[in-house]
Amino acid sequence: MALIKDGREAHDPWAVVADDVPLPDGPVLVSLERWRAQGAELSAGGRDVGVVLRSDQTPAEIAEALGAFDVIALEFPVFTDGRAYSTARLLRERYGYTGELRAIGNVLRDQLLFMQRVGFDAYEVPSSADVADWLAAFAEFDVVYQAGADARVPVPHLRHGAAVDGLYWTAG
C-alpha cells in the first residue's frame with residue numbers, strides 16, 4: 001500500500017499488527033481488542049501506538065484513551081459502508097482528536113476529498129495507484145457548500161460575508 005498524508009505521498013513507518021503476532025520494534029497499529037488487552041503495556045513502553053477501528057466500532061469505545069494514540073485508522077471494509085465518515089467527524093469535532101486520522105481498506109480515489117472534509121489527513125491507497133492522479137482528487141472541486149472538519153470556506157460565506165460561529169457558518 002502507498003500512503004498519502006497531508007496532501008503528498010509519504011513514507012509509512014507504521015506496522016499493522018495482527019492480534020496473534022508478537023509486536024515488532026517501531027510504531028504499531030493494533031486492533032481495538034488488542035488495545036483493550038495490552039493498552040497499559042503498550043503505553044508504558046514509550047512506543048508510538050495507533051489503533052485500528054472497524055466500521056462497527058464507535059469512537060466512544062476509545063474516547064478515554066485518545067491521548068495515547070498517535071494514529072487512529074478507520075476501516076472502509078466495502079464501498080457501501082460509510083460509517084467511518086461519521087466516526088472521523090465525531091473524532092475530530094466531538095472528541096477533539098488532533099492526531100493522524102487514517103482511512104484504510106476500500107479507499108477510493110473519488111472519495112478522497114470527502115474523506116478530507118470529515119477530518120481524514122492520511123489515506124492508504126493501492127500500491128498500483130498513480131499517486132499523482134490520486135492527489136489531484138483533492139483539487140477537483142474548488143468550492144464547498146457546507147462547513148466541514150477541514151478549513152475550506154463554504155460558498156454562503158463567500159457570497160454573503162457570513163461570520164463563523166464555531167464550526168458552522170452563520171449569516172452575519
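The values are calculated or read from the model by the stated rules, or taken from the named source; none is laboratory data. It should be emphasised that the depicted structure is a prediction, and the values quoted were computed from it without experimental measurement. Cβ placement follows ideal geometry from the backbone for every residue including glycine, while neighbour counts extend to all protein chains displayed.
Worth pointing out:
- Residue in the range 69-91 that is touching a residue at least 60 places away in the same chain (Cβ under 8 Å), within 20 Å of MET1 (Cβ to Cβ) and not aliphatic (A, V, I, L, M) present: no
- Test for LEU42: is it part of a strand (DSSP E or B) and aliphatic (A, V, I, L, M): no
- Subset tally (residues that are more than 17 Å from GLU100 (Cα to Cα), among the aliphatic types (A, V, I, L, M) and touching a strand residue (DSSP E or B) at 6+ places or on another chain (Cβ under 6 Å)) for the range 29-71: 1
- Hey, GLY50 assigned by TED's automatic domain parsing to the domain that holds GLY119, of a type in the set (Gly, Ala, Ser) and loosely packed, with under 15 Cβ neighbours inside 10 Å or not: no
- Among (1) over 25 Å from ARG109 (Cα atoms); (2) part of a loop (DSSP other than H, G, I, E, B), the one test that ALA37 misses: (2)
- Strands (runs of 3 or more DSSP E) enclosed by the range 63-154 - at least 1 residues per element that are among the basic types (Lys, Arg) and either surrounded by 20 or more Cβ atoms within 10 Å (Cβ to Cβ) or touching a Gly at 6+ places or on another chain (Cβ under 9 Å) (or both): 100-105
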